[in-house]
Each structure stands twice: as structure tokens, then as C-alpha cells.
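Everything on this sheet refers to the single structure shown next.
The values are calculated or read from the model by the stated rules, or taken from the named source; none is laboratory data. Not measured: the values here are computed from a predicted model. Using ideal geometry, Cβ is built from the backbone for each residue, glycine included, and neighbour counts are taken over all protein chains shown. To get the accessible areas, we keep the full protein, side chains included, count just its heavy atoms, and leave off ligands, DNA and RNA. Shrake-Rupley method; radii C 1.70, N 1.55, O 1.52, S 1.80 Å.
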Amino acid sequence: MPVATISNLTVRYGKKTAVSDLSVEVPEGCIGLLGPNGAGKTTLIKTLLGFVKPAAGGGNLLGLDVATQGLAIRQKIGLMPEQDCHIPGMNAVTFAAYAGELAGMPAKDAMRRAHETLEYCGLGEARYRNIETYSTGMKQRIKLAQALIHGPKLLFLDEPTNGLDPAGRDEMLRLIRDVSHGKGINVIVSSHLLPDIERTCDQVIVMRSGRIATQGAVETLRQTQGVQFEVDLRLPSPGFAIAVEGKGIKVLTQYGAKYRLSLPDGTVDAGRLLFETAKESGAQIRGFHTALRSLEDIFLEAVE
Amino acid sequence: MSEMSGHTPPGALDFIVAGDTPTAGAPIADLSYRNYDGPLHTRVARWWIVSLASLRLAVKKKGFWIAAAISILPYLIILLQLYLQSGTPVPAGANPLMDLTVGQRFASQFFQALGFQMFFLFIITLLVGSGVIAADNQSNALLVYLSKPLTKGDYLLGKWMGVFLILFGVAFIPGTILYVFCLLSYYSEGFLKNEPWLFARMTLAAATPAVIHASLITGFSAWSKSPRVAGALYAGLYFIGNIVVGATWAIRHRGNLGEGVLERHLSVEGVINGLAQNLYGVVQKLPTYNQRTNTMERLSIDPPSMMVMLLMAAAFVVVGVGAARMRIRAVEIVKG
Amino acid sequence: MTTSALPPVTTARIAAQPMIALEHTSRWYGQVIGINDVSCWIGAGITALLGPNGAGKSTMLKLITGQLKPTTGHVSVLGLEPFANTNVFRRLGYCPEIENSYDDMSGRDFVTLLGSMAGIPANRLRTRVSEVIEQVGMTANSDRKIGGYSKGMRQRVKVAQAIIHDPDVLILDEPFNGLDPLGRREMSAVLHHMADLGKCVVVSSHILYEVEQMTHNILLMNRGRLLAQGDVFHIRSLIDQHPHRIAITTTDSRGLARRMLDLPYVLSVRFDPLRPGTLEIETHSPELFYTQFPEIVLDHGFVVSSFESPDNNLESVFRYLVGAG
């Protein structure tokens, strides 16, 4: 059952048409929302959150109408905005509990959940400190915590790894993966960082110029036409390229010592084939694996 | 088990092994994320949660308590004056601060107390109100608020009420205490009989500065990213307003207190004062020197026109709240 | 056969006179250390400045761009001391991370203003501004006010003002912030173009996979100290505490494991219960392994569907040197 359905949506800001006749079904699970700037992602998110009065069409999210039941929708969802945001003058526990109360939780439940959620998000140690003293990584986590506190059925994460250093990004992605798998929460991640999406999301929706360019399961989208391999040699080797072509293998691209090859259909033992060819041509293979289309390629193909 | 010496109390492990304890099936607790399926509809209004948070923040400020404490002093002084006055009879007209007119005797005291409080109410407004929305602007707090089931109207009402309740409380609570004291002490002297509506008047008069200050400071605060700037601007409006109005009146009426009463009351402070005068029904009696007859006279000064005062107050409220509303409406939650 | 359209990854070419040089440079703020005794040379090409938050990257950049003076030691850019030195500023372009608030100006006006401040003569200014705006892909939007720009558009305009005077040294702090993948490709091409012209481009970024695609030459910092500098794969091979890991997927993983154990340079063989067909070996001598492995596979008929070194990349080098957490 889809988490949200948008039908023939048209949204105008003054004279500008942001999206026109857009229809999309958002499936359950962890979904990546991709698209170039100006593709209409923001408009789609605003519409799903119930902030927009459509010029035409409409939709529903978790069974609630996006045009008329905005407040009820916002009770069931959690939003982690892209920008830095917090309530001034509070420590983490107070802030998280306050967010819970604003969502309708009784004060006691909100306080209890605040502690639980802060611990889950890795802020256990710093929970009594004023948020204004937090580092970027901690600020991102508290944004996530305030989105989770009231037990939403759907989480919107807008550039969740913004400003995080590699360790922080790693932990945030791990959190996102954990919360979106097996906990009964649907997650929509909007990000320009495609490896982040690859790591956390099972499905993607790619938008372009106010429409859906492509949509589907990441695994399926990444399948290549035919059997493709990426081979890393120690040094670029023209001899190797010639030798493989002689065996019916096509060289699709070459980038330094990295080759992308298309093997004949029905190749059973790719390893043998590659090692033999390398031996014959005097090249040394340092690694090979099945090539999948990268999410970046999928994206670029969809939007160009 | 019970044969083992010392450490394990006999039967303790039996209890656990028997398998009927809460942790029997899973000795290691699962501390990962749990879903929340509890109630999500509070019985209180949504805006009240916002107000409560504002109030909590306000009472943490030391400055607030200091200003509030000082602003209560006039009530204590009035209490003392009334006590002394009722004990020893005073010739009529001797003490300009004491108005013994029936029907005005106590009202005038409450009015004076409020008058003394004005400055401190203004200070408290700055302390509590200048950051009420400005601090949120600085930290993008509205993104958090509006992602919850809270309308922009709820937010504004909550913030406004936060300031209003503080100011109202600072005027109303000591006023009530004074009222109860007077009721108990002067009932026999016609306290209730001569001034039946005094409690209602006191309540409305306490609400007046609260409503006007709350509306204006909320407007200023909403348009600023810095609490200090918002406070400074409002202070500027307040004081400059007083100076301009006062100077204009002085020039036009050459310091004659009997004239130009309305003109004197055209600033923010003036409007609050004027409304309070009308609510308490106070006619000021000031001793002046009459140059013609060469005697001291008592000049009766009526309060300024209620209509004009109300209109101006309404204008302040509409402008303040309207400005805040305009600014809040412009906030976008998700930016492209 | 098609050769990839992207330019080859640039490697460091240190000229006889490095374009940026730090010599025992330290800078502290009261008690807080910004950078601690850092010595390094940066030459032409793209160099990535990496490190966790608080590593000293911004201090480093401020020292190079002449906003700060070192507390001890020397900093030289193009042979001169950069602090408040207009001779250096004229040949240096800086694209900071923070948002400048020029919201009321149009993009074109902003670039024009900064171009004239950088000393471009008035008669050349207009053409140069248009050129540079075209390069960053902002021609369509250059006349709108910056206040209405998206994050990515602001980023492009910032880069435009940094390159307008054709600097020899270009310093960029998080240059891809807010750019979508298309924008990132375009920006990357601009930087590569500059590197190919012999400029020194220093990029500070947290986004390792973007850096990986741009350059192999890194400067890694942590807690104010310089942890490593140079080619990332060379650095990887020098990290002794973490022997090279190689993951092999095969139908007969146990059988292959037995063969691996016969090799004296294989330090360990591991299985992951979540990935049954895969075994992972550790070795200090990957060269020997790569030479012998194909023989073993072909001689014994193992069916190998993939093998690769999962930690021979920038992210692993970062993690190993900076330490977990």
C-alpha cells in the first residue's frame, strides 16, 4: 500500500507553475527523492506536508487529504529540515519534550520519550546541555530526535548529512538505515549526495522539471543490460583491451586503469575468462566485480 | 543451590531460571528505537503549550523578578497609606495624594499604584517580550514549530499570551491582594457599597498595559532577528513618543495642566494611562496656583476622551499583532 | 572502445618552487590550538584538504588566504607572505563556505563588484564577468537578486567571483555545497580545467566520495596536526597497523581459504556470516598476492565472481588515520 498518492497535481506560485499535472505513488519503506535544483522536489514535499493549496489535483498521505488535513498530517509525520533550527534557551531534553508536546503528547509521555529518543540518536551524554553549545553533528541529531519523538509513521529527512564530517555522516546514515528498516517507519530522504541515498534507500523517485523522470527499486534500476564487470588493472593496458575484444568482450569505458567491460551473455566463469586474458596480455588484475549502474548514472540519464 | 556457601541467597537463581520474570525471555534488553503508540491529542489548547514554554523562559530571568518585586512596592505603600489614613482623620484637601471623594477614594489609590507600576511593566515587557519571536527568528525555530500540528495562528497566539499573562499577572495579583485587604479592612467604611465595580475596574485596568505592550512588542519582535534590536526599537518608540507628545503639549499649552488633556495622552504610555483613568473613573484634582485670583485652587481634570483612547489602543493592538502575523505568514518551511 | 569523457585524475606535481608552503607553522587562539607545527608544500593541481570538524582546516585556509598571521613559523604563497598582502591577493581566489549577505544585489553585479575589487581593469570587466558567469553556468539567472537564489546558485556565484581574476592559487571551502549532481560535474570540470592550466587548487571538503573522484592528492589533518600528505593510495600502503584487506567471492570459499592459508604473507582469513560466499584475507604484501592469486585460481579451477580491496580508498584511509569516533 503506498504511503502517499499524488494525482494530477498542479501548484502555482503567483504566475510561476512549479509542478504541472504531477502524479506519483510513494511506496512504503525508505525512499530517496532526487532531482536537480528546481525540479519540484521542494514543492512535492511541501504538498505532502499539507502546506500547499493546489491549483488543481490533489493527493493523500497516510490516508489524509493533503489539501485539507494538513494539521492531521503533521501529527503523523516528522520533519528534519535542512537548515539549522532549534528552540532557543533550552537543553536537549526540554527541546525534545517540547517538540513532543507540540505534537500532542501529554507532558509526561513527552519527557519519557525525549530521553529515549535522545539516547537512540546518540545524544545521551549531552542531553542536559544547552543546544546552542552543540556541534554540527549534534545539531543534526537533535533535529532527527525532535522529528522522531512523537512516533511518526513517516519521516522526511532533508539533506540529513549536511555539514557532517565523515564520521558524523557515517553515524547519521547508520541511524537512518536502522530507523527505516524493521521499525515500521517510512522514510523519505531528499539529498543531492547519491552515495548517501544508495546506502539508506531501497527505492528512489527522480524528478525533473516538475514531473517524475524515473522511479523504482534501487536494485532493479541498477541492473545493467547484460553482464557487465568493472576491472581494475595495475596499469592501463592496451594489450588487455585488445585481448578481451578478441574474446567477444566489449570495452564500454576506460578511465585510467579502470575498465568497464560487457561480457557475452551466458558467461559462467567470468573470473577465469578475465584472469586468462590478463595472463595472456601481461596485465595484472587488482580487482573486479559485477558492475551496476551507479545511482549517479541513473540520475544523470533521467535528467539530461 | 541452598548447599552452596555464602554469596548467592538460596533460591535466587531458581526464581530467575523458572522463567516467569519480565526479563526471562530476553535477558538483554532491546534498547533500539521503540514506536510510540500513546495518546496524541492533548486536552489543552495547542497555543497554551507555546505560552507555557514562553512563561517558563521568562520566569528564569532574574531581571524579571527584580522588576516585578520593585513594581509591587507601590501597592505596599498604598496599603500603608490607607492604614495610616484610616487611623488618624485628615482634614479634607490637605493631602493632594489622598482623594477622599466618595466613590473615588479607593479607585484613585489603585490607579496611583498602577501608575507607579507603569515603568516597571515597560521594563518587564522589554525583558520578556523583545526576544519572544526574535530569538526564534535567530534560531529558525519556526521550522520546528510549523512542522508540528500547529498553525501559524496558534504560534502567534501562544507567544502573545506568554507576554500578556506575565504583564497581567504583575499588575493583577498585587491588585487582587490589595483589594482583598481593603475588602476585609474597610468593608465597614463602605468599600463595597461606594465602589461596587472596583474589582472589575482593577482587572480591566491591569489588562490594559498587558494587552497594549504584548501586541506592540510582539510586532517588533517578529520583525527582528535580534532580541536586543527589537527591545531597543520598542524602547525608542515608547520614550520618543513620550518626549514628542510631552514637548508638543508643553509648547501648545504652556505647561497648563488643565488644558490639552487629550493631547498629553497620545503616546503609548499616555494611552495606557488614559484608559486606566477612564476605567477607574478617576478625576484628578491638582492644586494649582491661579494667577488671577492669587490663590491656590484645586483643578479638576477629567480623564481624556474614552473613545479616542480606545481607538488608539485598538490601533496599537491591530498594528502590533498584524505586523507579527504578516511576518510569520512569510516563513517557508521547506526551501528549495 | 570509448575513453571516459572525464579528464584523468590529477596527480601532484610539486614545482621546484611550491605554490603554497608552510614551515613549522602554528596558530593558536588564546589557549585553543588552531594548527600545530604544520610543514607542507602544495603545488599545482588539485589538492584536497580533509579532516574532521575542528581539525584546523579553516585555520589553515585563513592562514593561506592571508586573513590570519601564524603565531609561529612561516606561510608563503607564491613565494610571498600572504598576510594583508595585496600582491598575493591579486593572484589568489577564495571561495569561502559562509554565505555572504549581498542579498539585494544581482549575481552579475556581485561578481562585477568583486572583479573590480580584484583589480580587473574597467574595459575588460564586463566581458570577463560574462565569461566567468558562463563558466559557472549562471548566465540565465545572473540578473536576479541573490536573495532569491537557491543554495546551489549562490555557490556558483561565489566560485565565479573567486576565479574572475584568473588567480594562480584557488582556495575553495566546501565548493559543492548545495549543488545537485549535474552542478557538481560542471563545477568539477571547471576546477580540473584550472588545474590543467597549472594552477594550484586547494579544496576543503567533508564529502569524501566527491573528493575521491577529483584527486588522489590529499592533506589530512586532525586536532591541529598534519596526519598525512600525498597520494592516497601511497598513504594507504604505508598504514602498517591495518594490513590490506581483500574480499573474494567464490563458490568454494572454504577451499580457497585453505589455499590462502598456505601463503606465508596472508595474515588472516575471515568469513562474514552475513555474506556466506565471501572470504576476506589480510596481508602486508598485496603485490605478492596480486601476482600469485590468478595462478591459484586458474590452477585449481576456483570460480571467482569478484575480488576487491574494500579498504583501499579515501574513506578507509581517513578512518584509519583519524581513528574511530
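Structure above, values below:
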{"read-out": "Count of the stretch B:19-72 residues which are in contact with a Leu (Cβ under 8 Å, 6 or more places away or on another chain), of a type in the set (Phe, Trp, Tyr) and either in contact (Cβ under 8 Å) with a residue 40 or more places away in the chain or more than 7 Å from every other protein chain (Cβ to nearest Cβ) (or both)", "value": "2"}
{"read-out": "Output for the stretch B:133-155, where each listed residue is under 15 Å from residue A:50 (Cβ atoms), under 25 Å from the mean Cα position of the chain (by Cα) and of a type in the set (A, V, I, L, M)", "value": "B:150"}
{"read-out": "Helices (runs of 4 or more DSSP H) fully within the stretch C:158-274 counting 1 or more residues that are over 20 Å from the mean Cα position of the chain (by Cα)", "value": "C:253-262"}
{"read-out": "Enumeration of residues in the stretch A:193-215 that are open to solvent by less than 20 Å² (accessible area, probe 1.4 Å) and of a type outside the set (Ser, Thr, Tyr)", "value": "A:193, A:194, A:196, A:197, A:201, A:204, A:205, A:206, A:207, A:210"}
{"read-out": "Output for the stretch C:288-302, where each listed residue is facing chain A (nearest Cβ under 9 Å) and open to solvent by 50 Å² or more (accessible area, probe 1.4 Å)", "value": "C:291, C:295"}
{"read-out": "Residue satisfying all of: in the stretch B:100-155; of a type in the set (D, E, K, R) and in a helix (DSSP H, G or I); least open to solvent (accessible area, probe 1.4 Å) among these", "value": "B:136"}
{"read-out": "Count of residues meeting criterion [more than 8 Å from chain A (Cβ to nearest Cβ) and of a type in the set (Phe, Trp, Tyr)] in the stretch C:303-325", "value": "1"}
{"read-out": "Selected residue (only one of C:318, C:293, C:289 is within 30 Å of residue A:165 (Cα to Cα), part of a helix (DSSP H, G or I) and within 36 Å of the chain's Cα centre (by Cα))", "value": "C:318"}
{"read-out": "Scope the stretch B:169-179; condition buried (at least 21 other Cβ atoms within 10 Å of the Cβ) and within 18 Å of residue B:129 (Cα to Cα); matching residues", "value": "B:170, B:171"}
{"read-out": "Condition check for residue C:143: open to solvent by 10 Å² or more (accessible area, probe 1.4 Å) and either farther than 19 Å from residue C:110 by Cα or in contact with a Leu (Cβ under 9 Å, 6 or more places away or on another chain) (or both)", "value": "no"}
{"read-out": "Residue list for the stretch A:149-175, filter: within 11 Å of another protein chain (Cβ to nearest Cβ) and in a helix (DSSP H, G or I)", "value": "A:166, A:167, A:168, A:169, A:170, A:171, A:175"}
{"read-out": "Those helices (runs of 4 or more DSSP H) lying entirely in the stretch A:237-304 with at least 3 residues within 8 Å of chain C (Cβ to nearest Cβ) and in contact with a Phe, Trp or Tyr (Cβ under 8 Å, 6 or more places away or on another chain)", "value": "A:270-281"}
{"read-out": "Exclusive hit being modelled with pLDDT under 90, closer than 28 Å to residue A:170 by Cα and either open to solvent by 40 Å² or more (accessible area, probe 1.4 Å) or not hydrophobic (A, V, I, L, M, F, W, C) (or both), set C:205, C:237", "value": "C:237"}
{"read-out": "Qualifying residues in the stretch B:298-336 (those that are of a type outside the set (Val, Ile, Thr) and within 14 Å of chain A (Cβ to nearest Cβ)) - the one farthest from residue B:281 (Cα to Cα)", "value": "B:336"}
{"read-out": "Of the criteria (1) in contact with a Gly (Cβ under 6 Å, 6 or more places away or on another chain); (2) open to solvent by 10 Å² or more (accessible area, probe 1.4 Å), which one residue C:183 fails", "value": "(2)"}
{"read-out": "Selected residue (criterion: farthest from residue B:215 (Cα to Cα)) from residues of the stretch B:233-285 that are part of a loop (DSSP other than H, G, I, E, B) and in contact (Cβ under 8 Å) with a residue 60 or more places away in the chain", "value": "B:283"}
{"read-out": "Residues located in the stretch A:71-116, provided they are among the basic types (Lys, Arg), in contact (Cβ under 8 Å) with a residue 24 or more places away in the chain and more than 7 Å from chain B (Cβ to nearest Cβ)", "value": "A:76"}
{"read-out": "Conditions (1) open to solvent by 20 Å² or more (accessible area, probe 1.4 Å); (2) among the hydrophobic types (A, V, I, L, M, F, W, C); (3) in a strand (DSSP E or B): number failed by residue C:153", "value": "(3)"}
{"read-out": "Residues of the stretch A:256-279 that turn out to be within 22 Å of residue C:233 (Cβ to Cβ) and either surrounded by fewer than 16 Cβ atoms within 10 Å (Cβ to Cβ) or touching a residue at least 60 places away in the same chain (Cβ under 8 Å) (or both), as a count", "value": "2"}
{"read-out": "The stretch C:98-147 - residue that is basic (Lys, Arg) and either touching a His at 6+ places or on another chain (Cβ under 9 Å) or part of a helix (DSSP H, G or I) (or both) and, of those, nearest to residue C:176 (Cα to Cα)", "value": "C:108"}
{"read-out": "Within the stretch B:1-40, tally of residues that are of a type in the set (Phe, Trp, Tyr) and at pLDDT below 60", "value": "1"}
{"read-out": "Residue within the stretch A:209-229 that is at the interface with chain C (Cβ under 10 Å from one of its Cβ atoms) and touching a helix residue (DSSP H, G or I) at 6+ places or on another chain (Cβ under 8 Å) present", "value": "yes"}
{"read-out": "Those residues of the stretch A:180-197 which are away from chain C (no Cβ under 12 Å), in contact (Cβ under 8 Å) with a residue 40 or more places away in the chain and among the aliphatic types (A, V, I, L, M), in sequence order", "value": "A:187, A:188, A:189"}
{"read-out": "Test for residue C:221: is it touching a Gly at 6+ places or on another chain (Cβ under 6 Å), aliphatic (A, V, I, L, M) and within 14 Å of chain A (Cβ to nearest Cβ)", "value": "yes"}
{"read-out": "Complete set of residues in the stretch A:280-295 that are surrounded by 19 or more Cβ atoms within 10 Å (Cβ to Cβ) and within 20 Å of residue A:212 (Cβ to Cβ)", "value": "A:295"}
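Matching residues to (1) within 20 Å of residue A:213 (Cβ to Cβ); (2) within 13 Å of another protein chain (Cβ to nearest Cβ):
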{"position": "A:5", "(1), (2)": "yes, no"}
{"position": "A:8", "(1), (2)": "yes, no"}
{"position": "A:13", "(1), (2)": "no, yes"}
{"position": "A:28", "(1), (2)": "no, no"}
{"position": "A:33", "(1), (2)": "yes, yes"}
{"position": "A:55", "(1), (2)": "no, no"}
{"position": "A:58", "(1), (2)": "no, no"}
